[in-house]
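Beneath this line is the structure, given in structure tokens, with notes to follow.
The values are calculated or read from the model by the stated rules, or taken from the named source; none is laboratory data. The model shown is predicted, which means the values in this text are computed figures rather than measured ones. Positions of Cβ are backbone-derived with ideal geometry, glycine not excepted, and every protein chain shown enters the neighbour counts.
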Amino acid sequence: MPQTIKLKSRKEVAAGTMAFHFEKPAGFTFIPGQAGDFTLPNPPEDDAEGNKRAFSLASAPYEEDLIITTRMRDTAFKRSLKKIPLGTELLLDAPWGELVLDKDPSLPAVFLTGGIGVTPVRSIVLQATHDKLPRKLILFYSNRRPEDAAFLDELAQAAKANPNFTFVPTMTKLADGSSWNGETGVIDKAMLQRHLDDLAAPIYYISGPPTMVSAMQKILKDAGVKDANIRAEEFSGY
């Protein structure tokens with residue numbers, strides 16, 4: 001049964017990317033990594049794509065607000081979300097989704113993500129850090145430039161606070177003279193091998209554009225990772 005939620009605030013969190021904060025309904029619970037369907041009942045404008053969108057919940061369960069984060073494509077829904085008054089009510093049908101941590105804490109969790117695909121991972125990593133979860137988490141996060149990477153600083157801070165969390169951001173289109181001193185280039189087998197002792201040991205969670213998801217699946221399968229240890233979610237169209 002959909003629940004009513006109110007828009008509390010919105011802000012830009014990366015170039016062309018905005019986070020929207022909503023009041024969390026009383027008693028609402030979810031598992032980090034899950035998603036929901038958000039509907040604007042009376043949008044100021046509409047188009048063929050309709051007034052409902054699925055978003056991963058970027059917020060961790062312990063946080064006060066429900067947060068979604070999205071690339072601001074030029075669609076009626078996104079334009080409406082950007083200009084409706086704060087306090088506007090939406091309908092939320094949630095939670096759903098299977099991109100959640102495996103129940104076996106002995107297995108390292110490796111996240112391979114690009115762009116806005118990081119949203120469910122933010123929820124997982126921040127909740128694990130908050131709970132002091134004794135589980136090894138490693139996040140590979142690919143973007144064109146640092147200014148395109150949502151939650152970059154927040155995830156770097158989580159890596160400092162959580163001894164079990166390793167953060168590996170990489171940039172693929174750095175400007176000349178950039179001060180970036182982390183990894184560069186797309187996530188590939190060589191990069192994974194620099195940071196992982198045994199590619200076949202972890203469970204992998206892939207989230208990002210369809211082309212990235214298929215590329216990551218091929219790398220892992222070629223490296224001998226079992227299908228059962230690969231979880232994937234495509235973020236098409238954002």
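Annotations for the structure displayed:
- Residue that is surrounded by 18 or more Cβ atoms within 10 Å (Cβ to Cβ), outside the structural domain of Met212 (by TED's automatic domain parsing) and within 26 Å of Ser142 (Cβ to Cβ), where the choices are Thr70, Thr113: Thr70
- Thr119 being within 21 Å of Pro202 (Cα to Cα), in contact (Cβ under 8 Å) with a residue 60 or more places away in the chain and in contact with a strand residue (DSSP E or B) (Cβ under 9 Å, 6 or more places away or on another chain): yes
- Residues of region 7-26 satisfying the condition of being loosely packed, with under 13 Cβ neighbours inside 10 Å and within 15 Å of Ser80 (Cα to Cα): Ser9, Lys11
- Residue count for region 82-109 under the criterion of being charged (D, E, K, R) and loosely packed, with under 14 Cβ neighbours inside 10 Å: the result is 5.
- Selection within region 70-81 - touching a residue at least 40 places away in the same chain (Cβ under 8 Å) and out of contact with any Phe, Trp or Tyr (no Cβ under 8 Å at 6 or more places or on another chain): Met72, Ser80
- Residue count for region 2-52 satisfying the condition of being without any contact (Cβ under 8 Å) to a residue 24 or more places away in the chain and at positive phi: 1.
- Test: residue in region 82-103 that is over 14 Å from the mean Cα position of the chain (by Cα), under 30 Å from Asp198 (Cα atoms) and either touching a residue at least 12 places away in the same chain (Cβ under 8 Å) or in a strand (DSSP E or B) (or both): yes
- Against the conditions (1) surrounded by 19 or more Cβ atoms within 10 Å (Cβ to Cβ); (2) within 22 Å of the chain's Cα centre (by Cα); (3) assigned to a loop (DSSP other than H, G, I, E, B), Val225 satisfies every one except (2).
- Sole exception among (1) surrounded by fewer than 14 Cβ atoms within 10 Å (Cβ to Cβ); (2) of a type outside the set (Val, Ile, Thr); (3) over 28 Å from Ala109 (Cα atoms) for Tyr62, by number: (3)
- One residue from Asn229, Asn181 being modelled with pLDDT under 95 and out of contact with any His (no Cβ under 7 Å at 6 or more places or on another chain): Asn181
- The condition of being in the same structural domain as Ala48 (by TED's automatic domain parsing), at pLDDT 95 or above and of a type in the set (Asp, Glu) holds for only one of Glu89, Glu147, that being Glu89.
For (1) closer than 19 Å to Asn229 by Cβ; (2) of a type in the set (A, V, I, L, M); (3) assigned to a strand (DSSP E or B), each residue gets a yes or a no:
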| position | (1), (2), (3) |
| --- | --- |
| Phe111 | yes, no, yes |
| Thr129 | no, no, no |
| Ala150 | no, yes, no |
| Glu154 | no, no, no |
| Ala190 | no, yes, no |
| Arg194 | no, no, no |
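- Qualifying residue in region 196-207 (condition: touching a strand residue (DSSP E or B) at 6+ places or on another chain (Cβ under 8 Å), part of a helix (DSSP H, G or I) and crowded, with 16+ Cβ neighbours inside 10 Å): no
- Test result for Arg79, surrounded by 15 or more Cβ atoms within 10 Å (Cβ to Cβ), within 16 Å of the chain's Cα centre (by Cα) and among the charged types (D, E, K, R): no
- Test: Ala128 is surrounded by fewer than 19 Cβ atoms within 10 Å (Cβ to Cβ) and more than 14 Å from the chain's Cα centre (by Cα): no
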